[in-house]
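Shown next, in structure tokens, is the structure this report addresses.
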Amino acid sequence: MKRLQTIFVHLSAMMLLVVAMTASASALDLDAAAARAKGLAGEVDNGFLAVPPGASNEAAPVIAAINNQRRAEYAKIAAQNNLELEVVGTMMFQKIYPRFPAGTWVQIQGTWKQKAP
């Protein structure tokens, strides 16, 4: 029973993070979406952005800024729920992966691929 309560708390925290990240759509978010659409940024299964293979570093400043925002949010959630930051990042990736459009670059377990339709 305690394990179920712990899982529920973690999932609730992740839902709040998704809502917060969606609600805080800044110019950087729009740039990140454009960078993903152009293949200049990809999502990694640790919850952060990275430059996919063959892409230029044109989006590197946007990627760094978004990753800093994400790191801060993940750290907050991790501290509130006694989790490692890496666990929160992975959970976030799993939560938002279905929302990525086909063709989005993703790195899963070290391998880059474009999300299938």
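Where the convex hull is taken over the Cα atoms of segment 52-117, what is its projected area averaged over directions, in nm²?
Over every viewing direction, the Cα hull of segment 52-117 projects on average to 5.1 nm².
With r defined as the distance between the Cβ atoms of ASN68 and THR111 and R0 fixed at 22 Å, what FRET efficiency is calculated, to the nearest 0.05?
Step by step, r from the Cβ atoms, then E = 0.30.
Under the 0.36 nm per residue contour assumption, what length would be gained going from the current alpha-carbon distance of TYR97 and ASN81 to full extension?
Extra length from TYR97 to ASN81 when fully extended: 3.5 nm.
None of the figures in this text is laboratory data; all of them are computed from the coordinates on show. What you see is a predicted model, and the numbers here were worked out from it, not measured in a lab. Methodologically, a virtual Cβ is constructed for each residue, glycine included, from the backbone with ideal geometry; neighbour enumeration extends over all protein chains shown.
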